[in-house]
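Asks: Quick one: structure below, then a few questions.
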Amino acid sequence: MSRLALRERLAGGPAVLAPGVYDAMTALIAEQAGFDALYLSGGAVAYTQLGRSDVGLTTATETADVLARITDRVNLPVIVDGDTGYGNALNTQRTVRVFERAGAAMIQLEDQTFPKRCGHLENKTLVSAREMCGKLRAALDARHSADTLILARTDAVAVEGLDAALDRAEAYLECGVDALFIEAVVSAPDMERVCGLFAARVPLLANMVEGGKTPVGSVDELSARGYRIVIYPGGTARFVSRQLQRYLASLKTHGTTRPLWDEMNDFNTLNELVGTPGLLAQGRRYEG
């Protein structure tokens, strides 16, 4: 699915389910599993590249580097988390240009102050709606293609309440953004209210965080409610981290990987997964 195809898909049909990925291998496995789009979060970059929390420690360049490696390996559209744009309106324009060159299909920008923190952590702070609107207009002006979509996120629910978040979302929509993301909605009735106000006018994103503030639902349930994009941004990192804890504890205890062989890809299976035979065959075309 191309950038244009993502725009067309969001205009009709069931919601797009985008799993969180954090490198080229997780993106490749997601593509092989049959997903239509991927989501790269700033949190996933912080967890896997820095071994740190999602509190604004990553840079635009670090995220763009991960994004470029993903888009070089897979053909799926990637929704990428641009955090706050990493600064003011001019910083935001640079972020959009860098992410677009790296292959982003949709770029998410939020109204927290810089540095930001995960949307499901406490004690967030916001820039003014006026400042955020300036950053969104700057982002829209900076993109080279209208098929590079701009997603506006507000974190106002946890800071100012749902009414204020809805007011901000309305203002951001008036700026001309392509999609809206009202973060950390805390109940099903509130999700219904969000969808009642916006679902008929603009694609809405639902963020499913295991253990987070928003009730977790299936893509079918959320699609029926009116959401057009459903993401599980950190699920991959949470699952893999749990399995790695188990694997490494077993290796330390037993001194061998043998107890877990039935749960692992062996050497040949992993090479099949990443396409080693095809890559070697391609290389032979250029020999001699």
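The values are calculated or read from the model by the stated rules, or taken from the named source; none is laboratory data. Since we're looking at a predicted model, the values are computed, not measured. Neighbour counts are summed over all protein chains in view; Cβ atoms, including those assigned to glycine, are modelled from backbone coordinates with ideal geometry. Quick note on the areas: whole protein, heavy atoms, side chains included, nothing else; ligands and nucleic acids left out. Shrake-Rupley method; radii C 1.70, N 1.55, O 1.52, S 1.80 Å.
Asks: Going toward the positive end of the dipole of the chain, with +1 on Lys and Arg Cβ and -1 on Asp and Glu Cβ, which of THR113, VAL127, ASN268 do you reach last?
Replies: Selected residue: ASN268.
Asks: Mind checking the alpha-carbon convex hull of the stretch 1-106 and giving the volume per residue in Å³?
Replies: 96
Asks: Need the list of lysines near LYS116 for cross-linking: C-alpha distance under 16 angstrom, and skip anything on the same chain fewer than eight residues off.
Replies: Excluding near neighbours in sequence, the set is LYS124, LYS135.
Asks: Now for a different question. To the nearest 500 deg cm²/dmol, what mean residue ellipticity at 222 nm is calculated for the chain from DSSP H runs of n ≥ 4 alone, each contributing -39,500 (n - 2.57), summed and divided by the residues?
Replies: Result for the chain, helices only: -14000 deg cm²/dmol.
Asks: In square angstrom, rounded to the nearest 10, how much accessible surface does GLU8 have for a 1.4 Å probe?
Replies: Taking all protein chains as shown, GLU8 has close to 120 Å².
Asks: If you count the DSSP beta bridges with both ends in the chain, what percent of them are antiparallel, to the nearest 5?
Replies: Given both bridge residues lie in the chain, the antiparallel proportion sits at roughly 5 percent.
Asks: Then there is this: ASN91 versus THR113, label points 7 Å from Cα toward the beta carbon: distance in nm?
Replies: 1.3
Asks: Mind checking the per residue accessible area of the chain for me, 1.4 Å probe, whole number of Å²?
Replies: 48
Asks: Sticking with this one: So what's the Cα pair-distance distribution over the stretch 143-288, bin width 10 Å, in %?
Replies: Answer for the stretch 143-288: a P(r) of 10, 27, 20, 18, 18, 8, 1 percent.
Asks: For q = 0.14, 0.24 Å⁻¹, what log10 I(q)/I(0) does the stretch 157-217 give under the Debye formula with an equal point scatterer on each alpha carbon and no solvent?
Replies: Reported log10 I(q)/I(0), two decimals: -0.36, -1.05.
Asks: Rounded to the nearest 10 degrees, what's the angle between the helix 188-198 long axis and the longest principal axis of the chain, both from Cα atoms, 0 to 90?
Replies: 70
Asks: Can you tell me the 0 to 90 degree angle between the C-alpha axis of helix 60-73 and the longest principal axis of the chain, rounded to 10?
Replies: For 60-73 against the chain, the angle is about 50 degrees.
Asks: Please return the longest stretch of the chain lacking exposed loop sites, where trypsin sites (Lys or Arg not before Pro) count only if DSSP places them in a loop and at most 12 other Cβ atoms lie within 10 Å.
Replies: 1-200
Asks: Can you list residues whose amide H is under 5 Å from LEU126's amide H, if they're 5+ apart or on another chain and H is modeled 1.01 Å from N?
Replies: THR113
Asks: Within the accessible area of the chain, what % is carbon and sulfur when the probe is 1.4 Å and the other protein chains stay in place?
Replies: Carbon-and-sulfur percentage of accessible area, whole number: 52.
Asks: Here is a further query. What is the magnitude of the charge dipole of the chain about its Cα centre, with +1 placed on the Cβ of each Lys and Arg, -1 on the Cβ of each Asp and Glu, and no other charges, expressed in debye to the nearest 20?
Replies: Charge dipole of the chain: 500 debye, to the nearest 20.
Asks: Relative to the first principal axis of the alpha-carbon coordinates of the chain, what is the inclination of helix 235-254, with its axis defined by its Cα atoms, in degrees from 0 to 90 and to the nearest 10?
Replies: Relative to the chain, helix 235-254 is tipped by roughly 30 degrees.
Asks: For the chain, what is Rg from Cα atoms divided by 2.2 N^0.38 Å, rounded to two decimals?
Replies: Compactness ratio reported: 1.05.
Asks: What are the radius of gyration and Dmax of the stretch 129-184, computed over its Cα atoms and given in Å?
Replies: 11.3, 35
Asks: What are the ³J(HN,Hα) values, in whole Hz, obtained from phi via the Karplus relation 6.51 cos²θ - 1.76 cosθ + 1.60 with θ = phi - 60°, for each residue of the stretch 85-93 in sequence order, with x given for Gly and Pro?
Replies: Here the 3J(HN,Hα) series is x, 6, x, 8, 4, 5, 4, 4, 4 Hz.
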